[in-house]
Amino acid sequence: MLGEHSIDHVVLERGEIANSWRRERWDSLRLLTPNWQTRLPGLRYAGADPDAYMTCPEVAGFISDFAASFAAPVRTQTEVKSVTPVEDGYSVTTNNGELRCRSLVIASGACNVPAVPALRQAVPSSVESVTPFDYRNPSRLPEGGVLVVGASATGVQLADEIRRSGRRAVLSVGEHVRLPRTYRGRDVLWWMMASGVWDQRYDEIDDLERARALPSPQLVGTPERTTLDLNALSAEGVELVGRLAAIRDGCALFSGGLRNQFALADLKMNRLLDTFDDWARGAGDVEAGAPERFEPTRVPASPRLSLDLTRGDIRSIVWATGFRPDYNWLKVPVVDAKGRLRHDGGVVDAPRMYAIGLPVLRRRKSSFIHGAEDDARDLVEHLVRSLEA
Ligand SMILES: Cc1cc2nc3c(=O)[nH]c(=O)nc-3n(C[C@H](O)[C@H](O)[C@H](O)COP(=O)(O)OP(=O)(O)OC[C@H]3O[C@@H](n4cnc5c(N)ncnc54)[C@H](O)[C@@H]3O)c2cc1C
């Protein structure tokens with residue numbers, strides 16, 4: 001888009017094109033967004049199975065094809081070490097020398113490092129801590145049972161495959177977003193798109209801070225279009241426990257609020273399904289099955305409140321507790337005390353500095369692959385105007 005406006009630009013990438021999809025994902029991961037939704041400006045999925053979900057190598061191929069389609073000026077193996085303000089722009093230091101630019105777009109990702117709670121320090125040395133960046137498949141974990149902390153997209157997917165590999169899997173569940181894979185015969189993300197929920201703008205959302213902090217939905221992309229909610233996991237034998245509150249004397253302590261967590265997630269899912277149904281009624285001739293409602297999340301009879309990590313049956317903890325961006329290289333005062341970039345819809349609080357690819361940056365879909373296009377168009381327009389000013 002910058003090229004369309006004849007704006008000289010360069011893309012600096014510390015690794016290869018689509019680095020995060022090549023280096024930072026586990027073996028079995030597929031997109032949770034369907035192929036028909038995987039699109040970048042001017043490039044759409046053209047294969048035979050629009051309802052399937054890409055593997056990581058397929059995503060990497062898709063992004064590489066996109067870069068090749070317009071000969072994107074990407075300098076790979078070029079890590080930005082620092083960005084500092086200078087007169088009329090920024091000085092960018094990299095492992096391959098220094099550059100000057102008038103405008104800067106931060107597209108370094110929302111998920112650079114795993115966000116692991118400080119209580120990790122209290123894990124006994126006999127138990128290995130693993131983050132989603134280290135995890136590849138169950139066979140690479142130490143023998144024995146696994147405690148997975150966090151029940152959003154990553155946590156439910158990893159608990160599922162660890163349990164299926166024949167191990168004991170305990171899943172610690174805090175706040176989560178429950179979604180069925182399909183609703184009324186269509187992918188639930190089709191409903192998100194068609195009903196306009198994905199396109200909701202950041203300046204129309206009442207509690208933006210909360211929307212930006214929402215965990216990812218409990219979804220998995222499988223050829224069977226399986227729903228991977230907590231009922232499915234407990235039916236497989238995954239043990240559900242409450243939020244990990246502390247680790248004391250080698251013992252993991254879980255909060256007792258499981259019933260409330262489940263009720264809240266069920267309520268929010270049903271509200272979203274109501275939104276879809278309302279939209280479908282208003283839209284008239286939507287081709288879809290009849291409205292559905294799903295079994296409430298089953299609460300275990302007496303969920304355990306503690307787990308002794310020193311007994312030897314739990315040998316590893318997978319911290320599926322989210323990710324965060326890393327702005328250590330950004331030597332411009334635009335990052336708040338919580339490590340978040342200060343921006344208004346991607347327009348950063350510094351002259352001609354922009355960001356893209358962050359949660360609910362300009363729309364609910366902003367941090368998804370298909371969300372980049374609309375945001376990029378808006379931000380490039382802003383950038384062009386500011387260069388002309
Ligand atoms: C586990 C997981 C599953 C996901 N599943 C989906 C999904 O199913 N569908 C979907 O649409 N989205 C999904 N996402 C979100 C997905 O990451 C984004 O949609 C998309 O990758 C964002 O692209 P991006 O270019 O903004 O960020 P990234 O893909 O993170 O790319 C940022 C790039 O910046 C580079 N970089 C970082 N710091 C520096 C530096 N200092 N110097 C130079 N280069 C640097 C990195 O190497 C990286 O290549 C998922 C994310 C994760 C973590």
Gyration tensor (alpha-carbon) shape descriptor, the range 235-284, a/c threshold 1.5: prolate
Rounded D (µm²/s) - the range 259-389, Kirkwood Rh over Cα pairs, Stokes-Einstein at 10 °C, 1.306 mPa s: 79 µm²/s
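Out of the DSSP beta bridges found with both residues in the chain, what percent are antiparallel (nearest 5)? Working shown, then result.
Numbers: 30 of 53 bridges.
Taking every DSSP beta bridge with both residues in the chain, the antiparallel ones total about 55 percent.
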Nonlocal amide H pairs with residue 323, under 5 Å, H built at 1.01 Å: 115
The chain - Rg over Rh from alpha carbon coordinates, Kirkwood radius: 0.97
Separation in nanometres of the label points that stand 7 Å from Cα toward Cβ, at residue 43 and residue 68: 0.9 nm
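So what is the 222 nm mean residue ellipticity for the chain from helices alone, if each DSSP H run of at least 4 adds -39500 (n - 2.57) and you divide by all residues, rounding to the nearest 500 deg cm²/dmol? Kindly include the intermediate steps, with their values, before the conclusion.
Values: 8 runs with 94 residues, N = 389.
Rounded to the nearest 500, it is -7500 deg cm²/dmol.
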Accessible area in square angstrom per residue, the chain, 1.4 angstrom probe: 49 Å²
Helix 372-388 axis, angle to the chain major axis (alpha carbon atoms, nearest 10°): 30 degrees
Rounded to 10°, Cα long-axis angle of helix 153-164 versus longest principal axis of the chain: 40 degrees
Near-label residues of the range 160-185 by backbone N, under 18 Å of a point 7 Å along Cα→Cβ of residue 51: 180-185
The range 333-386 - Debye-derived log10 I(q)/I(0), Cα point model, q = 0.15 Å⁻¹: -0.39
Overall form of the range 28-168 per C-alpha gyration tensor (a/c, 1.5; a/b vs b/c): oblate
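Taking a ≥ b ≥ c as the square roots of the Cα gyration tensor eigenvalues, with a/c under 1.5 meaning rounded and otherwise prolate when a/b beats b/c, else oblate, which class fits the range 145-217?
Numbers: a/c = 4.35, a/b = 1.70, b/c = 2.56.
Oblate.
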Degrees separating the helix 56-69 axis from the principal Cα axis of the chain, which is the longest one: 10 degrees
Accessible-area composition of the range 43-106, carbon plus sulfur, in percent [1.4 Å probe]: 51 percent
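The values are calculated or read from the model by the stated rules, or taken from the named source; none is laboratory data. Predicted model, so just to flag it, every value in this text is computed and none were measured. Methodologically, a virtual Cβ is constructed for each residue, glycine included, from the backbone with ideal geometry; neighbour enumeration extends over all protein chains shown. Just so you know, the surface numbers come from the protein's heavy atoms only, side chains and all, with ligands and any DNA or RNA stripped out. Shrake-Rupley method; radii C 1.70, N 1.55, O 1.52, S 1.80 Å.
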